[in-house]
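The values are calculated or read from the model by the stated rules, or taken from the named source; none is laboratory data. Model, not experiment: these values are computed from the prediction. Virtual Cβ from ideal backbone geometry, glycine too; neighbours counted across all protein chains shown. Heads up: the accessible areas ignore ligands, DNA and RNA and are worked out on the full protein's heavy atoms, side chains in. Shrake-Rupley method; radii C 1.70, N 1.55, O 1.52, S 1.80 Å.
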Amino acid sequence: MAAHNRKSTARDMFISMAVIMVPVLLIVWFFTQTTDHDPEAADIAGVLTRARAESPYPLLVAQGLGDDWTPVRVAFAKDGQPWITKDPAVGDSWQVGYLSPDGTYFGVQQRNDGGARFIASVTRDGAPVGGEVDAAGRSWERFESSDGRTRSLVSETDNVTSIVTADTDFLELEAFAATLAQVELDQG
């Protein structure tokens with residue numbers, strides 16, 4: 001058992017507490033700092049030019065969203081080329097994503113080797129919830145993830161699976177899907 005030091009004072013106790021608390025407070029301050037960085041806009045036009053020349057199917061992009069929407073993701077890869085994950089792309093794959101003014105991510109993904117695995121992955125193992133929607137010149141089926149957080153619209157036409165997804169309600173998702181336009185391929 002430690003011996004009691006009769007010469008220790010309240011001042012010594014405060015110094016000891018300060019020595020302990022200063023690093024703790026600095027750590028808490030460092031890890032609770034919020035950064036209000038504006039997202040970096042993706043260059044859709046550059047990737048779209050290449051994709052139009054290489055894609056075997058028409059691509060979907062949003063048009064007329066307004067200046068308060070930010071394109072934050074764009075990618076295209078031919079079957080077998082490195083995809084976003086660095087793994088080989090399964091089928092010819094197109095992805096474009098936008099941040100809404102309230103910070104919700106709206107994504108569009110297309111693949112010509114889609115199928116059930118692609119739909120399950122993008123919709124977060126979503127299941128059809130009934131009802132079809134017509135937007136962007138195609139018919140879409142509504143899907144919802146098992147936790148109810150993510151909603152998706154899935155369209156399968158001409159061996160191409162197109163999926164629009166966001167963590168929002170169907171009303172907003174369908175309004176976004178209505179902004180999608182089909183970009184014709186560069187036949188040159």
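May I ask you to give the percent of accessible area on the stretch 1-155 that is carbon plus sulfur, with a probe radius of 1.4 Å? Each step should come with its number before you reach the end.
On the way: 5540 of 9970 Å².
Here carbon and sulfur together make up 56 percent of the probe-accessible area.
Using mean Cβ contacts within 10 Å as the protection proxy, how do 74-86, 134-146 order, highest first?
Numbers: 74-86: 14.2, 134-146: 17.1.
Descending packing order for the listed peptides: 134-146, 74-86.
How large is the accessible surface per residue of the chain, computed with a 1.4 Å probe and reported in Å² as a whole number? The partial results should precede the final answer.
Numbers: 11700 Å² over 188 residues.
Per-residue accessible area for the chain comes out at 62 Å².
Given points 7 Å out from each Cα along the Cα-Cβ axis, report the residue 102 to residue 84 separation in nanometres with one decimal.
A separation of 2.2 nm, rounded to one decimal place.
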